1. Sequence gap at least 6, Cα distance under 8 Å: using those rules, report the relative contact order of the chain to the nearest whole percent.
2. Dipole size in debye (nearest 20) for the chain around its Cα centre, Lys and Arg Cβ +1, Asp and Glu Cβ -1?
3. Within the set of other residues whose C-beta is less than 15 Å from the C-beta of Ile282, count the net charge using Lys and Arg as +1 and Asp and Glu as -1.
4. Please list Val498, Val431 from largest to smallest accessible area, probe radius 1.4 Å, with all protein chains kept in place.
5. Leaving ligands and nucleic acids out of the surface, order Thr445, Thr13, Thr222 by accessible area at 1.4 Å, largest first.
6. When only C-alpha pairs under 8 Å and at least 6 residues apart count, what is the relative contact order of region 116-220, in percent?
7. Rounded to the nearest Å, what's the spacing between the alpha carbon centres of region 230-260 and region 470-534? Just the number, please.
8. Considering only protein heavy atoms and a probe of 1.4 Å, how much of the accessible area of the chain is carbon and sulfur, as a whole percent?
Amino acid sequence: MSHIIDEIKRRRTFAIISHPDAGKTTLTEKLLLYGGAIHLAGSIKARKAQRHAVSDWMEIEKQRGISVTSSVLQFDYDGCRINILDTPGHQDFSEDTYRTLMAVDSAVMVIDAAKGVEAQTKKLFKVCRQRRIPIFTFVNKLDRYGKIPLDLIDEIENVLGIRAYPMNWPVGIDGNYLGVFDRQKNSVELFAADTSHGQIERISEIFNADDPVMIDRIGQETFDNLQDDLTLLDEAGDKFDRSKVDAGDLTPVFFGSAMTNFGVQNFLEEYIRLAPPPAPRICSDGIIEPDDEKFSAFVFKIQANMNPAHRDRLAFIRICSGKFERNMQVWHAASDKIVKLAQPQQFLAQDRQIIDEAFPGDIVGLFDPGIFGIGDTLTDASHKFTFEEFPTFPPEKFARVQAKDTLKRKQFVKGIEQLTQEGAVQLFNQVGAGTESFIVGTVGTLQFEVLQYRLKSEYGVDVLLTMLPLEVARWLRAEDGRAITPSTLRGADRGMFVVDREDQPVLLVENEWALGWIKDNNPKLIMSPTPFAD
């Protein structure tokens, strides 16, 4: 038991969140560089050398330079086991990010120093606050001209509504920072010039705060400006309070540049020191502690075709309690059956290795023959319970999808069913329209492009995708429990009547006005923006 407790204490499991292009994936990669998991960092922008971010493994991600699915990355650093979940920043893929936030114990929020707090950052931050997840902030791109650091701190506090405590402070002037002042250690770290474009670790020197050599190197004026800023932070700023950090009410702020490795190692070391180990989880029996000897976990992500050669399907689980062992048999809540957890794997992006054991906080990929679903609970057979339900998001964009070549219908059906099981795209059948095409719904339009691309590259199927003038979906149920069909629903012709994967009736309409008319003319109709639980 003491061995499990020791393993729990050294786990750090977190997601990196941000608005697109704030540098989230680059920071992820640099943490791997300093963690020793990779030896040469590849910039996403290094197109000529065809060197791409380690965590972006899909071909479409490499071509577009964006992340469209959460990546799972693991490495050891300074005695700790780090589990990083790099998430898509683009709002069209926020559903994947929300699910990922269910599986972490803290979050790292990346902010562009020039742009400050952006729209998608606000949305993701709100989810973190709702879940009381401790948030660590990395103000990125200090190698470029940006907003004044004091203004950035004010913006974080005023726009996001969270108190901020700068753990370090930039030394220098806008766009030409020489190093950072560490407020905890009362020291200055000055960085050598970046000659490798961020591909190797940045050389630096650490000085006492009043070292004359350091003052001479940065100049008296820069030193005086630094002292003025620090005095203002000490007198007018918040005091550091670990309990407020743990409660998600105070965010430690770090300044740096992921692209040039400026301040990255300091951030990694401080994060490991301050971030919480695996936390207790809410379940149907109350609270399950991570040191409970009975095994429990939940599925938060499903990914098809991570290895195109084998057409595999992986279910990612977050271990919540007990010890995971290869080929162990557990109770699967969704099917109420005992299942064997075969071929457990851990990851460095798409590179993986079979493991024999894992502990609370760890993320493990399991071979999935098609039995697992998002949010499924797995527990020891002697202690059956379920974890809290995952949030679901109503689709807002819809399209009809069909194979261009009818001879490839079998591959088309298999591909679209497997890809929609990942959760980013919802699948519907139009009642009375046959089975030659499907209706798919998404949160954003970019997901259609990804679906089309992956059907072609992973299943060899070219598809015809026709956007539909529909923006609202409502799951339907009659108060008296009667079956709902197009003939029993007044105004069904004002939209499209479809059924989801579970054969629940769903009505797709153009707007809220059309929805209101149907509701008024079907007074005993119950409508829900998400599927009914039973």
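The values are calculated or read from the model by the stated rules, or taken from the named source; none is laboratory data. Remember, predicted model here, so these are calculated numbers, not experimental data. Using ideal geometry, Cβ is built from the backbone for each residue, glycine included, and neighbour counts are taken over all protein chains shown. Each accessible area value is taken on the protein alone, full model and side chains, heavy atoms only, with ligands, DNA and RNA left out. Shrake-Rupley method; radii C 1.70, N 1.55, O 1.52, S 1.80 Å.
1. On the way: 1138 pairs, mean separation 68.2, N = 534.
Computed over the chain, the figure is 13 percent.
2. Numbers: 62 positive and 78 negative charges, 407 e Å.
Dipole of the chain, to the nearest 20 debye: 1960 debye.
3. Numbers: positive: Arg131, Arg132, Arg281, Arg318; negative: Asp105, Asp285, Glu289, Asp292, Glu388, Glu389.
Net charge in that neighbourhood comes out at -2.
4. Details: Val498 0, Val431 65 Å².
The residues order as Val431, Val498, largest area first.
5. Numbers: Thr445 75, Thr13 0, Thr222 25 Å².
Descending order: Thr445, Thr222, Thr13.
6. Working: 105 pairs, mean separation 18.2, N = 105.
Reported relative contact order: 17 percent.
7. For region 230-260 versus region 470-534, the Cα centre distance is 49 Å.
8. Numbers: 11090 of 23000 Å².
In the chain, the share of accessible area belonging to carbon and sulfur is 48 percent.
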